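Structure, as structure tokens:
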Amino acid sequence: MSGIPVLDLSLLNGTTEQQAQFRDELRRATHEVGFFSLIGHGVPTELIDRAYAAARAFFALPESHKLAIENVTSPHFRGYTRMGGERTLGRVDIREQIDLGAERPAVPMTADTPDYWILEGPNLWPEALPEFRAVAEEWIARLDEVGTRLLRSWAEALGAAPDTFDAAFERPSPYLKVVRYPGVAAEQPAQGVGAHKDLGVLTLLSVEDGKAGLQVEKDGEWIDVVAPAGAFIVNIGELLEIATDGYLKATKHRVVSPAPGTERISIPYFHGPALDAVIPTIELAPELAAEAPGVTRDPANPLHAVFGENWLKSRLRAHPNVVEAQYPRLLVGA
């Protein structure tokens, strides 16, 4: 069982009634839970298979090959993160990964340039695996299409024009992680990644078929989520919560480490707008506004309306080693 609602994106290709059904299910799932599994998304099984083959090939590379593109050498927080090299709420996550984004030149930084522009720049690619770059860039392009369809559907479901979010994504900031969680022997579930909310707009997560580990907080309890075969797990980020005054909810989630002798590979894609974008606020109909509790206020996790500020906040906390190597002035608490 998925543990969360299952939505079929192919309904948007159907009749007017089927399209309306999808939008209604989308609105309810992300208002009530903040998570759902997405089938009928149109991403080819062949691409998914190639992506996991490339992921396994990358993690099987000699350590020296991976460390040659370690993220501490990147001014843009790209590249390989060694095991235990990322933190959530100050605690070490037990995983290794490679972080990738839009392949662009670095932004020249001046005294007047907002700090978040350091997040734009080139990736670090594994030289021994040229096919890794090809599949990653194809993945980003495909998931961008899915993310765009979802955002237009959300806008319509909330009574706004379908192109409400389009302008914010004219120069998008897609972000892709390819992650490996090793098996861990522990009396209590070990922290693959700690409890958190995603900082952006929406996330499309692919997990190897049948692999557990993801847990979503619902009504104060952690529920296990295993998506149907070939599905993506979708959740909204903090910026959609801001855009809807809390009607859509960014939900805490975490990953517990798999059992000893096993591993778990996942590929989360984060559908991000321009770094300097402010996501439009949607004026909800009275009946929906009455169910909007307001944006979550957490002094330990201040929310920023500008996407780049929210993203940089996350990077500084998650990768203090990169900050120390590249931008010591930005160290949290410095």
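The values are calculated or read from the model by the stated rules, or taken from the named source; none is laboratory data. Computed from a predicted model, the values in this text were never measured in an experiment. Here Cβ is always computed from backbone atoms with ideal geometry, including for glycine, and neighbour counts include all displayed protein chains. Side chains are part of the model used for accessible areas, which takes the heavy atoms of the whole protein and leaves out ligands, DNA and RNA. Shrake-Rupley method; radii C 1.70, N 1.55, O 1.52, S 1.80 Å.
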Members of the stretch 298-316 found to be modelled with pLDDT of 90 or more and farther than 18 Å from Pro174 by Cα, listed by number: Leu316
Lone qualifier among Ala167, Ala128, Ala155 - being over 24 Å from Asp276 (Cα atoms) and either open to solvent by 30 Å² or more (accessible area, probe 1.4 Å) or out of contact with any strand residue (DSSP E or B) (no Cβ under 7 Å at 6 or more places or on another chain) (or both): Ala128
Selection status of Ala195, within 21 Å of Ile233 (Cβ to Cβ), outside any helix (DSSP H, G or I) and of a type in the set (A, V, I, L, M): yes
Residue in the stretch 171-179 that is in a helix (DSSP H, G or I) and either surrounded by fewer than 20 Cβ atoms within 10 Å (Cβ to Cβ) or of a type outside the set (Ser, Thr, Tyr) (or both) present: no
Scope the stretch 97-120; condition surrounded by fewer than 19 Cβ atoms within 10 Å (Cβ to Cβ) and either at positive phi or not in a loop (DSSP other than H, G, I, E, B) (or both); matching residues: Glu103, Asp115, Trp117
Some residue of the stretch 250-265 being open to solvent by 10 Å² or more (accessible area, probe 1.4 Å), in contact with a helix residue (DSSP H, G or I) (Cβ under 6 Å, 6 or more places away or on another chain) and either touching a residue at least 40 places away in the same chain (Cβ under 8 Å) or not in a loop (DSSP other than H, G, I, E, B) (or both): no
Gly246 vs. criteria among the small types (Gly, Ala, Ser), touching a residue at least 40 places away in the same chain (Cβ under 8 Å), touching a Ser or Thr at 6+ places or on another chain (Cβ under 9 Å) and within 23 Å of Leu176 (Cβ to Cβ): no
Residue in the stretch 22-34 that is part of a helix (DSSP H, G or I) and β-branched (Val, Ile, Thr) present: yes
Selection count, the stretch 213-249, where residues are over 18 Å from Leu89 (Cα atoms), open to solvent by less than 60 Å² (accessible area, probe 1.4 Å) and not polar (S, T, N, Q): 20
Criterion: under 26 Å from Thr262 (Cα atoms) and of a type in the set (Lys, Arg) - qualifying residue of Arg171, Arg180: Arg180
Conditions (1) touching a Gly at 6+ places or on another chain (Cβ under 9 Å); (2) open to solvent by less than 60 Å² (accessible area, probe 1.4 Å); (3) assigned to a loop (DSSP other than H, G, I, E, B); (4) more than 19 Å from Val179 (Cα to Cα); number of the one not met by Asn123: (4)
